[in-house]
1. Quick one: putting +1 on the C-beta of Lys and Arg, -1 on the C-beta of Asp and Glu, what dipole do you get for the stretch 47-118 around its Cα centre, in Debye to the nearest 20?
2. Could you tell me what percent of the accessible area of the stretch 49-159 is made up of carbon and sulfur, with a 1.4 Å probe and every protein chain present?
3. Over what distance in Å are the Cα centres of the stretch 157-173 and the stretch 120-151 separated?
4. Cα to Cα, under 16 Å, and not fewer than 8 places away if on the same chain: which aspartates and glutamates meet these conditions relative to LYS157?
5. So which aspartates and glutamates can LYS119 reach, going by Cα to Cα under 13 Å and dropping same-chain residues fewer than 8 places off?
6. Quick check on packing: order 139-147, 84-92 by the mean number of other C-beta atoms within 10 Å, highest mean leading.
7. Taking H as built 1.01 Å from N, whose amide H comes closer than 5 Å to the amide H of SER172, not counting residues under 5 places away?
Amino acid sequence: MKKGSIALIVIAVVVLVIFGTGGMVVSRYNSLVVLDEEVSMSLSQIDNQLQRRNDLIPNLVETVKGFASQEQEIFNNIADARARMMGAGTVGEQAEADAQLSGALSRLLAISESYPELKSDANFRQLADELAGTENRIAVARQDYNSVARNFNSTAKQFPMNLFARTFGFESAEYFEASEGASEVPTVDFNN
């Protein structure tokens, strides 16, 4: 065969691969890439809201300390939980640290019931409102992430997409789940 004929055959094969049955490979791969990016973007939205909450916490703690300095254990629990949150590496670790931090924050906010002057402080009310709004944003971001993760996982597990996912190294997205005991209401005892 002549070099020109070989070049034409190679070009024809490339065109068939890209636009023929191989086009299906490219299309399916690109679909997985888009879904994987949506998972990453949704997880970063959770991270953004968790960071917003972590930024609010020191101001809230300092405000409460001004009125309730004897509540040192709660302040320590919040500091520990916040450090765990900042050091969380996986979605599961992040969910567990988030549950611990939420529990500690609920105990901190419950302190205001024992300190009427704290409850009436404008700075405390503003920070508590911002924190409540942030908690709502976190819940929505978690829900959005889990929805995108479910979409990615179900698409990547369906035949023949599972073959492409496995071939190209796409792994299932981990769901953002509450840790064990997160459904239990924390107890607050001001008698100790």
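The values are calculated or read from the model by the stated rules, or taken from the named source; none is laboratory data. Computed from a prediction, not measured in an experiment: that's the story for all the values here. Every residue, glycine as well, gets a Cβ built from its backbone with ideal geometry; the counts of neighbours run over all protein chains shown. Heads up: the accessible areas ignore ligands, DNA and RNA and are worked out on the full protein's heavy atoms, side chains in. Shrake-Rupley method; radii C 1.70, N 1.55, O 1.52, S 1.80 Å.
1. Working: 6 positive and 11 negative charges, 18 e Å.
Charge dipole, the stretch 47-118, about its Cα centre: 80 debye, nearest 20.
2. Numbers: 2580 of 5480 Å².
That fraction is 47 percent.
3. 33
4. ASP36, GLU171, GLU174
5. Cα-Cα hits under 13 Å: ASP129.
6. Numbers: 139-147: 17.2, 84-92: 13.8.
Going from most to least packed, we get 139-147, 84-92.
7. Those lying under 5 Å, H to H, from SER172: there are none.
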